[in-house]
Structures are given as structure tokens and as C-alpha cells.
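Everything below concerns the one structure shown next.
Derivation of every value follows stated rules applied to the coordinates shown; laboratory data play no part. Quick caveat: nothing in here was measured; it's all calculated off a predicted structure. We place every Cβ from the backbone using ideal geometry, glycine too, and count neighbours over all the protein chains shown.
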Amino acid sequence: MHRLRTCAARLRPLTASQAAQTVCQQRPITAASTGGTRTFQPIRCYSAPVASEPFLNGTSSNYVEEMYYAWLEDPKSVHKSWDVFFRNANAGAPPGAAYQSPLGLSAAPQLSSLVGAQPNVEKLVEDHLAVQSLIRAYQIRGHHVAQLDPLGIMDADLDSCVPTDIITSSDKLGFYGLDESDLDKVFRLPTTTFIGGSESALPLKEIIRRLEMAYCQHIGVEFMFINDLEQCQWIRQKFETPGVMQFTLEEKRTLLARMVRSTRFEEFLQKKWSAEKRFGLEGCESLIPALKTIIDKSSENGVENVIMGMPHRGRLNVLANVIRKELEQIFCQFDSKLEAADEGSGDVKYHLGMYHRRINRVTDRNITLSLVANPSHLEAVDPVVQGKTKAEQFYCGDNDGNRVMSILLHGDAAFAGQGIVYETFHLSDLPSYTTHGTVHVVVNNQIGFTTDPRMARSSPYPTDVARVVNAPIFHVNADDPEAVIYVCKVAAEWRATFHKDVVVDLVCYRRMGHNEMDEPMFTQPLMYKQIKKQKPVLQKYAEKLIAEGAVSRQEYEEEIAKYDKICEEAYARSKDEKILHIKHWLDSPWPGFFTLDGQPKSMSCPSTGLTEESLNHIGQVASSVPVEDFTIHGGLSRILKGRGEMVRNRTVDWALGEYMAFGSLLKEGIHIRLSGQDVERGTFSHRHHVLHDQNVDKRICIPMNHVSPDQAPYTVCNSSLSEYGVLGFELGFAMASPNALILWEAQFGDFHNTAQCIIDQFICPGQAKWVRQNGIVLLLPHGMEGMGPEHSSARPERFLQMCNDDPDVMPTITDDFAVRQLYDCNWIVVNCSNPGNYFHVLRRQILLPFRKPLIVFTPKSLLRHPEARSSFDEMLPGTHFQRLIQEDGAAGERPEGVKRLIFCTGKVYYELTKERKNRGMEDTVAIARMEQLSPFPFDQVKAESERFPNADLVWCQEEHKNQGYYDYVKPRIRTTTQRAKPVWYAGRGPAAAPATGNKNTHLVELRRLLDAAFDLDGFKDQQ
């Protein structure tokens, strides 16, 4: 076969014959006529070309390439004229000679009669292909030359070069083989453009003009990377259709009024509190009408609940003019004499959130707006908002995101620089995490704090991370309010139509610097010289409307005076506020949860035990496959059989204890969601909550959803390989309702390291900062198994260090002491040594009259340890979670003879009891297990210490001395015993790494700590 030249890599448009000849050098092809092996399939059948021009009517070079492949497979799959064309091209016809008019075709023509034929047709075909390439160039790269920077000094894509294929002067026509004489020629428009409106052909100069209007003005559109033709066509129609960006008089007046509120709010704050940080919105005042437009359009499409997350810049303005927080509540935050209520430590005003249900005046429909509180850790709130949105959708049965949606606001530097942005995008289309489309709005200051964007990112735009999920990106000059409003309408419609993410990039500037106290001229002198000369956007837009006659100057000034009066009146009312009540700023209220029959719930917790009948029933479900004709793995059959045996023997292991807790709560109407890496099976292949049919792809069974006919749903979902994003998501999910048990399990305990920001900023101090209770559960596998430093330690010392109880104060012991302690703490930290206690602590998490985060250090080797079993007797009615498990062996029968009382927690208990037995010291050494570390069980430690009056006190742990629990428990044990006795230490010495990487060294260390626990000779007081 004649090997054709490839032009695929060339930028120059293809000639008619070259269009069919672009692929032969890219992959081996055997033509149908040669009888060789065919390595391709026909793509589709192609119809006859229009009139006598086979490349017209939207035929692109890609289309011809596909047709050529189809012809190679089957010459009859294309029209006769194309068959002739390809035969002649393969036969070696020079450019211009392969084509023959379809008129009168009866047989394949002779090459000799075609050579040199119809040169005019060849030129016509080339020109039409050139115009199609030109149109495509604008669609792909037009945004690179759009006028996006309001200051006019920087290219939003950080590149001042104009793409070669964008026509900026008549000289560039030569790139396409065209010249000025072609400008008045009429060209047929392809079906992949809407610039013609109702016209199917236009002069070249008009084509270029309309392309410039669509893609090179104040809006830059990135969408051609999307691999869905319908979506691309939808976007083209929104931006290419002539006259599409038109506004009614009423819309313009509404936009002006919103711009007035946005601008004058900031000016009012600046006038009243010029020396206060507020992270104002100056330079991007169009953000407020942008958000209101997205909400209006979404409300029109049926959305009833909008959940928002944003950084601090512009937050007060959004609270005032979008969420509609009372102005006096905002203004009183600036009063230095304002006292804090007894509700926690609080937070600065530009971190607070809000929840408000109101009427949307544009659509006349009710809408609930939530702005989630968040810290200064940029973008950390993104997954939290997504989780809360998913929960709201789940609880109202909104399976497609038609009623609940999220809006996320970002800064440009953070959007490009923070990895959590990618992690959140990565969740956007996963079945158990999707919120069915989020509208992202980037406030693109074109600077990050003091860092020039050319030093802050490697990508052309800060929004390029969104391309990974094929989200369209609409860049817009924020000083053109009408352009901003239009792209926000399109963004809201996109989300409603396709239920996918979309990004609006508001290219703006920052008039005041990073905050109002910052001096930006130190580092950006040229930018801020221009900013000082920049006319405010409100003034520019008002002048535009006045010139158009849309409003009069008097009406404009009256609108300003009207809002100024509102601010002044609110300022006067704010003086009456004496106490700051953070409860006024709740973003996730739980109405009715904290009261019972109108009265506050009592500080008590009922028994967390179950009846024998319930335990047996749940155990039967856990050990069966409640679906007919379902084939499970042989190894799993043995596991289920083993569970059945345990149920008959009235015992549970770790997996079955968890099953009992989950199944019982589901029966009681409590939704459970367990998420994390490999949680369906369990990292250690112990859970198996999702069964897979071995013969049918994607056929699964979740027995937990078959516990009871009227049970709550159970959601168990393997997450993406993300900790920061997924933990943030689950935290947000737990915010939505107190009547759900939301658990995140780390694949190994130390994996929480990469989610530390969520733990430090949201989970640990969340209630203190924002008076927002949360009952999320963290399951962190922990234990020294001789497997090296990674995945050994869940770093319990970090969690304990952040506990808010006082180690030096012995609390007053009351009847409700245990529950009261839980109410006062910031989170609960436990390390259960048996499955029965794990069962109780999970159930207690829901039965408590309040919600606190629960940190559980879960075992690895104990999952199958023969002694780590619990009897049904420990789980029956009347039983509770044991904060401390006392010595119940021979030592407890003669407490006065006990010489040593060892306190420990977790797995090391089983190693200690084994060593005690080997040494024959069961009646002289007592061992107590501290199951709940925080809040510290002062009362029970005191009772156990007094029970053995002659015993030395020892704390034993398998972790290194500078890690684990020692630094936390030692001062508290001393406080409990009134420092009457020293607390000896038995464990590994200080170390930098969590564990050794050498198995033999691990065993040597274990032997030393056991020796220390049972023989204190030579040890010094560790006070």
C-alpha cells in the first residue's frame, strides 16, 4: 500500500487530499484491497458530501480521518465520491487531483484523467478547512487573549504571547493560507459552532468578529478538553449565539442595587473600624451579585438548600448581603468591650458561619442558606462542605442533587497550591461521595498574600486543577458586572443540567492588600500604583447605566443613601449588644435534639446492652448470606461459619462485636455510615460487610441492610486513597444530623497524619470555636507488632495532648460524674481491649444526650487473638461501657498481698497477663486496663489504687516513653492518689521513630519492658 504522508502534527490546516492522509505513519494499517489482516473496526457509515464539495458542511479533518479508516475496512461504508477520492489518493494522485465531483459517477475514474483536474475546487476545500480550523482555534485558545485583568497590566494566563492561530491582524491570515482578499468571501459554517445564529454561512471577516466577541472579550471559556460532545455543544451555544448576553432593564437595575450593597457595606466598615482586620472585598465587589445570581438561578431550577464554604476574604459581606445575617450581629463583633458567653473560646468574626432560611425574592421560593464556619487553613473547608451537602441530600432523599447543592469559594493562590482542592475534586463523581455538581467561584486576586502568581504556580491559570474532572472553567473580568452575572447564570444552568462541577474564575484585584493593616506597596509597587488609579467597579457600572438611560443619577444616589441608612440604623442597634452569643452563628443547628418534652435532657446514659434475642438475631445475619443464588468466596464461607459457631457459643470477636453494635443501632433507626480505605472488607480482612458474588460482576450483598424490615440504611463505602479529603467529608456528613453514627477508619492509624488539619482545626476545637457538636468516630488501627515504624502507632500522644481536662485538679465525684465528664470534654479517647467494650462504646456514642468526637485506637493482632473475646453476658441489658476494667483474678481476692498494681491500656494487657502467669505472680501483681483515657477516669483509678493499699503503682505501655500515654496518665494518676506514691514507668525508652524496623530488636525491647513491669529493681522514680 502506498504510505501516505502524515500531517497530524502540523499546525497548518490540511489540504483536501492531506486530510485523508494523516494517519498512516501513526499506526500500521493494512488496506482492505491488499487482503491483509485488519487491525481496526469500521467507525460508522458516511453519507454523501453536500453538492460538489466533500469537505463542506462541517466536515473536519478528524471526521475525514475517521472516514478514511472506515473506508480501509469497507470501501462501501462511504459514499461513492469518497471511495473514488481515497482510491486516487492511495494511488498517488498529487494534491488537487484525487477529487472528482459525485455528479455522473459510474465507475472509479482513471488516475491519468484526474491529475491536475479541478484546482479551483481544491483551493475552495482548503479555504473551508482553514476556516474550520480558525473557528476551532478560537474555541480552544480564545481565552488566552481575552481581556480578563481589570487592571490591564497582567495576563491571567501568565503569558503575554498571543497564540499563533488566533487572528489579531490580517498578517496572521497567512497562517491559514488565507489573505485579505478572502475576508469578504462567504464560508459555510460547521455544525460545531453557533456564531451564525440562524445563518449557515458568513463572510470571513464577520466570522472573525463574532469569534472575538464570543471568546476574546471579558469572558474566557475553557471547555474544549471536555470529552463529551453534548456538553461542548451546550457551552458553545451559551457563548457563541449572537446577542445571547442581553439583560432587561429590571435585571440591570437589580444588579446595580446589589453592587451598591456590596460596595457600601465595605465602605461603611472601613469608615467605622479603619484599624480592624476584616478581610474586605474591595476589588471584587461583583462577588456578591455573582453569588446571588447563582442562588437565584438554582432556586429557579428547584434547589431548596445551598451549603457554602469560603475563605475569610469577603466573608462578612457574604454573611450580610447573601446569607442575610443581621447587620447588628456583624457590627457588634467589632466592639472590643463585647463579653463572651459561656459557650466556648469562640473565633474571630471572619471565620464564623451561619444558617438562615428565608424567601428568595427573585423566585418567591423558600431557600435555606448555610455558610460553614472554617479556620484560616485555606481550602480545608472544601470537603467539609461536600460532606454536609451529601448528608443533606441523603436525609431528604435527593438522589440527583436537584434540591440541595454546594457552592465553594476559593482564593486563586490557595486553589492552585492546596492539595485538598484536588482531593475534593477527586471525590466529585464517586458514587458514595458525589454531591452532583458544585459551583466553584474563585476570587482571583492575581496575588497570594505577597507572592506574585508567577512564583506561586506552574500552571497557566490557578483553576487548571479543575480540568482533571472535565469541569468547564469560565474566566471573567470582575470589573464587568454584566459579564460576571452571565457566566454565573451559565454556571448554575450547567450544574442543573449536567450535575457536574463548574468553575467561575473572577479575575479581580485586592485594593487593600492581604488585610486592612497590610502595606502591599512593599512587594507589589507597580500593581498597587495602578490599583490606586483604578476607578471602583460600582462607579464604572453606574456611569454606564446612567449613560444608557437605564437609571438616573438621582435614582443611583437614592439607592446609596437607602443602604447607608440601613447600615447606620444597624450600627446604632449593635451598641445594645453586651454579650457575644456564638449560638447566633451556628451553621448546623440540630433543632429538638438537646431537649425532651421541652426540657433539657438529663445528664445520663441508659444501659448500652442488648437482649439475648437481639444478639442472636444480629449474629445470625452476620453469619449468613441473605440473598438467594449468591456465590461467595470459599474462604469467606469459613469465616461466616466461624461467626455462626461464636453466636452459638455466646461469644463475639472484634468483627462480630462491631456487627452487634451496628446492627442494633440500625434496628433503632440510626443511620450508620462507615467510610475509609478498604473498610468494606477491612484492612485486615476481618470485617466483610460487603459480600461479592464470585460469578457475577458488580453483584454485591450487604447483610447489614437485612437486619430488620424497618431499619435505617447502612452505608459502607471504600474511599479514594485520601485522608485529608475523606475525613473532612465525613466530618461534614456528621454535622448534618445527630441521629447518625458516622465513622472514618484509617487504613492504619498513622494515616491520620495526612488529615491532621481536619483533626486540629475542626474536630478537636470545633465545639469551643463554633459551639458545634459533632459525633464523628475515628477508628485508628494501633499496636506494636514488629512490622517497622510505619503503621505501628496511631500517635495517641497527639490526641491526648489536645484533651482539655486539667491533670492537676481532682474533680468532684458525683452520681453523674462519668456522663458529666464526657459533656465537658472536647473529645473522647479510648483504647478498648475486648470486643464487648468496643460494642458498648459505639452504642454509647448514640445513646448519650449530646455528641462528642470519639477517637478509638483499634487493634490489629487482637482482631483474631483467642483471648480477645467477649461473652454475651458482658453485652446484656444492664451492662455499660467500662472506663476501667479492674483486676478480677487471684490478685483481686487478696488485695492486701498485692505488691504491684500495673495500669495499662490496649494490646499490652494480654502480653502482661501471659508474662504474669509465666512468672507465677498472679496473686502478687494486679493489672488494671484503662479503656477510656480521656476524659480520665479519676474516680475508678482512685478506687483501684485504694483497693491495693500496699502496691507500687506502675504505668506500662508498649510505646516509647516520649510517645503513647505516659506523659498524659502520670500526672493524673499522681493527682488521683494525692501524690502519695510515685508512678513507675515500664516501657520502651525515648525514640524518634514510632517503632524499630528490626524484628529481633522489637522482641528484645518487648522483653525489657515486661521485665521492667514485673521487676522494678534498679528503676528510679520517674517523677
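The Kirkwood radius of segment 249-585, taken over pairs of alpha-carbon atoms, gives through the Stokes-Einstein law at 25 °C and 0.890 mPa s a diffusion coefficient of 120 µm² s⁻¹.
Straight-distance candidates among the lysines for linking to Lys272, with alpha-carbon spacing under 17 Å and chain neighbours fewer than 8 residues away dropped: Lys337, Lys349, Lys565, Lys575. Most tightly packed first, judged by the mean number of other beta-carbon atoms within 10 Å of their residues, the peptides 664-671, 884-891, 394-401 read 664-671, 884-891, 394-401. Summing Lys and Arg as +1 and Asp and Glu as -1 over all other residues whose Cβ lies under 14 Å from the Cβ of Arg643 gives a net charge of +4. P(r) tail for segment 910-971: Cα pairs beyond 20 Å make up 34% of the total.
DSSP beta bridges fully contained in the chain are about 30 percent antiparallel.
Taking Lys and Arg as +1 and Asp and Glu as -1, the other residues whose beta-carbon sits under 13 Å from that of Asp816 total -1.
Placing a pseudo-label 7 Å from each Cα along the Cα-to-Cβ vector at Lys999 and Thr192 gives an inter-label distance of 6.0 nm.
To the nearest 0.05, what FRET efficiency results for Asp83 and Leu183 with a Förster distance of 35 Å applied to their C-beta separation? E(calc), rounded to 0.05, equals 0.45. With 0.36 nm allotted per residue and the present C-alpha distance subtracted, the Asn470-Glu922 stretch has 156.1 nm of extension available. Entry note, the chain: the mean residue ellipticity at 222 nm calculated from DSSP H runs of n ≥ 4, each adding -39500 (n - 2.57), is -10500 deg cm²/dmol after division by the residues and rounding to the nearest 500.
If you stretched the chain out fully between Phe334 and Glu300, how much longer would it get, using 0.36 nm times the residue separation minus the C-alpha to C-alpha distance?
Length gained between Phe334 and Glu300: 8.6 nm.
Taking the C-alpha atoms only, the angle from helix 553-574 to the longest principal axis of the chain is near 0 degrees. Taken over the alpha carbons of segment 893-1014 as equal point scatterers, the Debye sum produces base-10 log I(q)/I(0) values at 0.11 Å⁻¹ of -0.36. Backbone N atoms of segment 149-164 closer than 13 Å to the 7 Å Cα→Cβ label point of Met224 belong to residues 163-164.
Counting only residues at least eight positions apart within a chain, or on another chain, the aspartates and glutamates with an alpha carbon under 16 Å from that of Lys999 are Glu785, Glu790, Glu958, Glu959.
Here each label is just a point 7 Å from Cα along the line to Cβ, and for Ser459 and Gln233 those points are 2.9 nm apart. Can you tell me how segment 124-240 classifies by the Cα gyration tensor, rounded, prolate or oblate, using a/c under 1.5 as the rounded cut? Oblate is the answer for segment 124-240, as a/c is 1.5 or above yet b/c matches or exceeds a/b.
The angle separating the long axis of helix 249-272 from the principal Cα axis of greatest extent in the chain is about 50 degrees.
Would you tally the net charge around Gly387, using a Cβ to Cβ cut-off of less than 11 Å, leaving Gly387 out, and scoring K and R as +1, D and E as -1? Spelling it out: positives minus negatives among the neighbours equals 0. Shown is the FRET efficiency for Ser376 and Ser169, computed with R0 = 56 Å from the Cβ-Cβ distance and rounded to the nearest 0.05: 0.70.
Once you divide the Cα radius of gyration of segment 183-264 by 2.2 N^0.38 Å, the number left is 1.39. Cα centroid separation, segment 847-912 to segment 441-520: 54 Å.
Put a dot 7 Å past the Cα of Met517, heading toward its Cβ, do the same for Asp576, and the two dots end up 3.2 nm apart.
Can you work out the FRET efficiency for the pair Asp155 and His865, with r the C-beta to C-beta distance and R0 = 56 Å, to the nearest 0.05?
0.30
If I take every Cα pair under 8 Å that is 6 or more residues apart in the chain, average their sequence separation and divide by the length, what percent do I get for the relative contact order? Don't skip to the answer; put the middle values down first.
Details: 1939 pairs, mean separation 90.9, N = 1023.
Computed value for the chain: 9 percent relative contact order.
By the rule of a C-alpha distance below 22 Å, with chain neighbours fewer than 8 residues away ignored, the lysines paired with Lys544 are Lys252, Lys292, Lys489, Lys532, Lys533, Lys535, Lys562.
Treating the angle as unsigned and between 0 and 90°, give the value, to the nearest 10°, between the Cα long axis of helix 612-622 and the longest Cα principal axis of the chain. Compared with the principal axis, the helix lies near 40 degrees. One chain, two ends: Ser624 and Thr497. Fully extended at 0.36 nm per residue, the span grows by 41.4 nm beyond their Cα-Cα distance.
Across segment 893-1014, the mean sequence separation of Cα contacts (distance under 8 Å, 6 or more residues apart), normalised by length, yields a relative contact order of 28 percent.
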